[in-house]
Amino acid sequence: MKNSIIKIGENLTDISNELTKKFLEIYKEKKKKMKVAFSGGKTPKLFFENLAELNIDWSNIDIFLVDERNVPLSSIDSNFNLLTNSLLAKINIPKENIHPIEFFSDVNKSNEYFHNDLINCFNLKKNEYPVFDFILLGLGNDGHTASLFPENFDETSTQMTLAVSDIDRIAHNRISLGLSVINNADSVAFLVTGKAKSEICKEVFISENKKYPSTHVEPKGKLLLYLDKEAASML
Ligand code: 6PG
């Protein structure tokens, strides 16, 4: 993809270590408080655990989620639950720097909470979008990222956040950052591993097949593609 930097690691451990180094580099370059957003799923667990070992002043970092399943935060399916167990519970970070997406049974209320939290934390004026310093994305086999699925993706959407509730094959309703916010970031990193992702990596990162939402991730800042050898095997 245009303006992207590809890093290929031996395996999940290796590429997670490489992304940890990159995150620390970005953190050291920032002269102000950083605002980051992390995706959930299975892949980033080791990266989160690595972050917990870094010598970072977490009072300088606000942590958001890229997306969330609309389940109680204590649920095993919650991305916040994953982030808490692998990172937040292990570091000294002020509570006000942690931004879970409050759970409401009505996913639209959860989405409204997320939207308002972004406006308040970034002190946004009308029609302004947050500028994240770092966004971590995963890639689904169907080409989704965040909770932007082929079924609900609208490349013209200017929504800051969105509720996803009409996709039967997805276990839970979702709340997600919109594409406009993702593309407004200074750095966006995809972390993708495993042979099963090799075909979709080729479709998205080489063929740039626009039918996949991930192909529309074209940030104003840097696009970092951190893949292990298996995921990159068809590039
Ligand atoms: C989620 C994620 C989602 C994830 C991809 C890849 O809520 O599940 O935000 O977008 O990044 O589905 O997930 P894996 O890392 O588990 O393959």
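For residues that are of a type in the set (Val, Ile, Thr) and either assigned to a loop (DSSP other than H, G, I, E, B) or touching a Phe, Trp or Tyr at 6+ places or on another chain (Cβ under 6 Å) (or both), tally how many sit in region 206-222. The qualifying residues number 1.
How many residues are open to solvent by 40 Å² or more (accessible area, probe 1.4 Å) and within 15 Å of the ligand (Cβ to nearest atom) when one looks only at region 198-235? Break it down into steps so the answer makes sense when it comes.
To start, the set of residues in region 198-235 that are open to solvent by 40 Å² or more (accessible area, probe 1.4 Å) comprises 199, 202, 206-211, 218, 220, 222, 229-230, 233-235.
When the remaining residues are screened for being within 15 Å of the ligand (Cβ to nearest atom), the result is 199, 230.
Total satisfying the criteria: 2.
Filtered by the rule that a residue be more than 10 Å from the ligand (Cβ to nearest atom), in a loop (DSSP other than H, G, I, E, B) and acidic (Asp, Glu), region 117-173 gives 128, 133, 151, 154, 155, 166, 168.
Screening region 1-110 for helices (runs of 4 or more DSSP H) wholly inside it with 1 or more residues that are β-branched (Val, Ile, Thr) returns the ranges 12-29, 79-86.
Comparison of 83, 88 shows that the only residue that is within 15 Å of the ligand (Cβ to nearest atom) and either in contact with a strand residue (DSSP E or B) (Cβ under 9 Å, 6 or more places away or on another chain) or polar (S, T, N, Q) (or both) is 83.
May I ask you to list the residues in region 57-80 that are open to solvent by less than 30 Å² (accessible area, probe 1.4 Å), more than 15 Å from the chain's Cα centre (by Cα) and away from the ligand (no atom under 15 Å from the Cβ)? Steps first, answer last, please.
The first filter runs over region 57-80 and keeps only residues open to solvent by less than 30 Å² (accessible area, probe 1.4 Å), leaving 58, 61-68, 70-71, 75, 78-79.
Pick out the ones that are also more than 15 Å from the chain's Cα centre (by Cα) and you get 58, 61, 70-71, 75.
Passing the criteria: 58, 61.
Of the residues 225, 235, the single one that is farther than 19 Å from residue 83 by Cβ, touching a residue at least 40 places away in the same chain (Cβ under 8 Å) and not in a loop (DSSP other than H, G, I, E, B) is 225. Scoring residue 94 on the criteria (1) of a type outside the set (A, V, I, L, M, F, W, C); (2) open to solvent by 20 Å² or more (accessible area, probe 1.4 Å); (3) more than 16 Å from the ligand (Cβ to nearest atom); (4) out of contact with any helix residue (DSSP H, G or I) (no Cβ under 6 Å at 6 or more places or on another chain) leaves a single failure, condition (4). For region 152-179, a tally of residues being in contact with a Phe, Trp or Tyr (Cβ under 7 Å, 6 or more places away or on another chain) and either of a type outside the set (A, V, I, L, M, F, W, C) or open to solvent by 30 Å² or more (accessible area, probe 1.4 Å) (or both) returns 1.
Considered as a group, the residues in region 113-151 that are in contact (Cβ under 8 Å) with a residue 24 or more places away in the chain and on the phi > 0 side of the Ramachandran plot include one that is farthest from the chain's Cα centre (by Cα), and that residue is 143.
The values are calculated or read from the model by the stated rules, or taken from the named source; none is laboratory data. Just so you know, these numbers come straight off a predicted model, no measurement behind them. Neighbour counts are summed over all protein chains in view; Cβ atoms, including those assigned to glycine, are modelled from backbone coordinates with ideal geometry. Ligands, DNA and RNA are excluded from the accessible area calculation, which covers all protein heavy atoms including side chains. Shrake-Rupley method; radii C 1.70, N 1.55, O 1.52, S 1.80 Å.
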